[in-house]
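Since the structure comes first, as structure tokens, the remarks are kept for the end.
Every number in this text was worked out from the coordinates using simple rules, so none of it is lab data. This one's a predicted model, so the numbers in the text were calculated from it and none came from an experiment. Cβ sites come from the backbone with ideal geometry, for glycine too, and all protein chains shown count toward neighbours.
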Amino acid sequence: MPKLILYQVADVTQEGGNKFRKIEMKDEQDLLLLGRMERNKQFYKQIDSFEAKKAISRLHALIEKADGKFYLSDLSKSGTYVNHRRVNKRTQLKPHDLVYFGHPKGAEIIPDQPITQYFWDLKYVVSIA
């Protein structure tokens, strides 16, 4: 069964050094919720931006596994972006895709419109093994 790992490739890091993180979807998981809420739920991963706290929603995005493929859905106001485009529908993730959670001006960005690359602490590259 394929496994999804998002490796952080952030342009900016917190003071005190590089704290690179990864988001991993376990083999037994069919879904993973991402957001800034602290939860002790099995299928929830906390993400938070030190660049723009309000850019990350409590429930920001959803990753689902179906038929050996992984799909990302945006649940936020500031957006979730794959390869510099705002996600507006369920989007299949592929190896080496760049995923950004949030944008400082996300409410102004039209879905599926290309955006210029921006410096951000919640940028990840997709790995499917």
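Would you check if there is a residue in the range 100-116 being under 18 Å from residue 23 (Cα atoms), without any contact (Cβ under 8 Å) to a residue 40 or more places away in the chain and in contact with a Leu (Cβ under 9 Å, 6 or more places away or on another chain)? Yes: the range 100-116 contains one or more residues that are under 18 Å from residue 23 (Cα atoms), without any contact (Cβ under 8 Å) to a residue 40 or more places away in the chain and in contact with a Leu (Cβ under 9 Å, 6 or more places away or on another chain).
For the range 91-120, filtered to residues that are of a type in the set (Asp, Glu) and over 14 Å from the mean Cα position of the chain (by Cα), the residue that is surrounded by the most Cβ atoms within 10 Å (Cβ to Cβ) is 112. Filtering the range 90-129 to residues that are under 17 Å from residue 78 (Cβ atoms) and among the β-branched types (Val, Ile, Thr) leaves 91, 99, 109, 110, 115, 116.
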